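**Student:** Quick one: the structure is below, and I'll ask about it shortly.
The values are calculated or read from the model by the stated rules, or taken from the named source; none is laboratory data. Model, not experiment: these values are computed from the prediction. Heads up, the Cβs are rebuilt from the backbone with ideal geometry, glycines too, and the neighbour counts pull from every protein chain shown.
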Amino acid sequence: MEQAVTKPIQVVAITGGKGGVGKTNVSVNLGLGLTQLGRRVTLLDADLGLANVDVLLGLKPRHTLKDVLDATCSMREVVVSGPQELKVVPAASGLQEMVKLGPREHAGLISAFSEIAHNMDVLLIDTAAGISDEVVNFLCAAQEVLIVVCNEPTSITDAYALIKILNQQYGLSRIRVVANMVRDAEDADVVFAKIQNVTDRFLDVSLLMAGWIPQDEQLRRAVQKQKAVVDLYPASKAAAAFKRLAEEVDSWPIPTIPTGHLEFFVERLVADYPVH
C-alpha cells in the first residue's frame, strides 16, 4: 500500500521582545482559533525557564520535553490535551542542554517530534521574553515569526531591537506583527506605524500587520480563571479578534518541505544553536 503524502506543517513562532505584552495569551488563543477552523494544532511552550502555557490553561503536565531528552518518556507521553483539542508540549527548563547533545541525541529529538508530526497541521511556538540565543534560535527555525507589541515605548523599542537582530544577524526578511491590548483598529495602526517607520529607515525587512487584539475585561477574567478567552467567553471582543487572527494565519502560504514532517524544524533548531 502506498504511503500517503504528508502535508507540510505550518510552524509559527510567537515572540514579544519583552515580557508583559501578552505573548502567551496570544499563543494560546490563536491556537484555539486555529482548532476551531479544523486545524490540528500543537503549542510548544518554549519559555524554558518560566513555563506558563500550562498555568494559563490550568493544565497539570506530568512530563516535559526534558524527559524526552533524558529518554525517560516518549513525546506522545509529554503532550497534554488542552481545551478544544489543542495539544500542548510543556516547557522544560533543561532544554538549553541541546547545545551539548551529540548526533544520537539530535536524531532522538528529531524522531521524537516526528512521532507526533502526523497528528498536527500547525506547530505554534511560544518563546520566552527577551532576545536570548534560545529565543532567537526558535525564531530562526520557524517559517513565520509573529511579534506581539503593545502601545508602550518599551514594547516598541524591544520589538525593534529583536527585529534588528533577526534581520541583520540572521537574514530574516519578513516579520509579522500583532498589536495587543489596543483600543481599536486606529490604535493598532499607530502601533504598527511606529515600528514600521523605524524598520523602513534602518532595516531591509518586510514588516506585515497580522492583526490586533483589543483591551477586554473578559480576557482578564479568563486569565484569572486559568482559561482561554476564546474558550470561556467566545462572544467577547477579544475572542472575535483572535478568531480573525487565526483566519489570517491560516491564509499564510506554507513553504514546501520535502518530507512534510517536523525534521526540517528540529534540524534547523539544532543547527542554529551556537556551540560554546
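**Student:** Residues THR199, THR157: which one is in a helix (DSSP H, G or I), more than 19 Å from VAL12 (Cβ to Cβ) and in contact with a helix residue (DSSP H, G or I) (Cβ under 7 Å, 6 or more places away or on another chain)?
**Tutor:** THR199
**Student:** Have a look at LEU123, LEU139 and point out the one that is touching a Leu at 6+ places or on another chain (Cβ under 8 Å), at negative phi and not in a helix (DSSP H, G or I).
**Tutor:** LEU123
**Student:** Here is a further query. Among VAL80, VAL55, which is the only one that is closer than 16 Å to LYS227 by Cα, touching a residue at least 60 places away in the same chain (Cβ under 8 Å) and surrounded by fewer than 24 Cβ atoms within 10 Å (Cβ to Cβ)?
**Tutor:** Answer to the check: VAL55.
**Student:** Moving on to the next point. Mind counting the residues in region 150-161 that are over 13 Å from GLY19 (Cα atoms) and touching a Gly at 6+ places or on another chain (Cβ under 7 Å)?
**Tutor:** Counting residues in region 150-161 that are over 13 Å from GLY19 (Cα atoms) and touching a Gly at 6+ places or on another chain (Cβ under 7 Å) gives 1.
**Student:** Considering only residues of region 64-89 that are at pLDDT below 90 and in a loop (DSSP other than H, G, I, E, B), which is nearest to THR24 (Cα to Cα)?
**Tutor:** Per the criteria, the residue is THR64.
**Student:** For GLY17, are the conditions met, namely being of a type in the set (Gly, Ala, Ser), closer than 21 Å to ALA128 by Cβ, modelled with pLDDT of 85 or more and within 15 Å of the chain's Cα centre (by Cα)?
**Tutor:** No: the conditions fail for GLY17.
**Student:** Suppose the filter is at negative phi and in a strand (DSSP E or B); does ALA210 pass it?
**Tutor:** Yes.
**Student:** Assuming LEU245 fulfils every condition listed in (1) within 18 Å of the chain's Cα centre (by Cα); (2) surrounded by fewer than 17 Cβ atoms within 10 Å (Cβ to Cβ) apart from one, which condition is it?
**Tutor:** Exception for LEU245: condition (2).
**Student:** Do we find that VAL178 is more than 26 Å from PHE113 (Cα to Cα), in a helix (DSSP H, G or I), of a type outside the set (Lys, Arg) and touching a residue at least 60 places away in the same chain (Cβ under 8 Å) in this structure?
**Tutor:** Answer is no for this residue.
**Student:** Related question: Pick out the one residue from ARG201, ARG244, ARG220 that is free of Cβ contacts under 8 Å to residues at least 12 places away in the same chain and within 15 Å of VAL26 (Cβ to Cβ).
**Tutor:** Exactly one residue qualifies, and that residue is ARG220.
**Student:** Given the conditions (1) at pLDDT 95 or above; (2) within 15 Å of the chain's Cα centre (by Cα); (3) part of a loop (DSSP other than H, G, I, E, B), which single one is not true for LEU32?
**Tutor:** The failed condition is (3).
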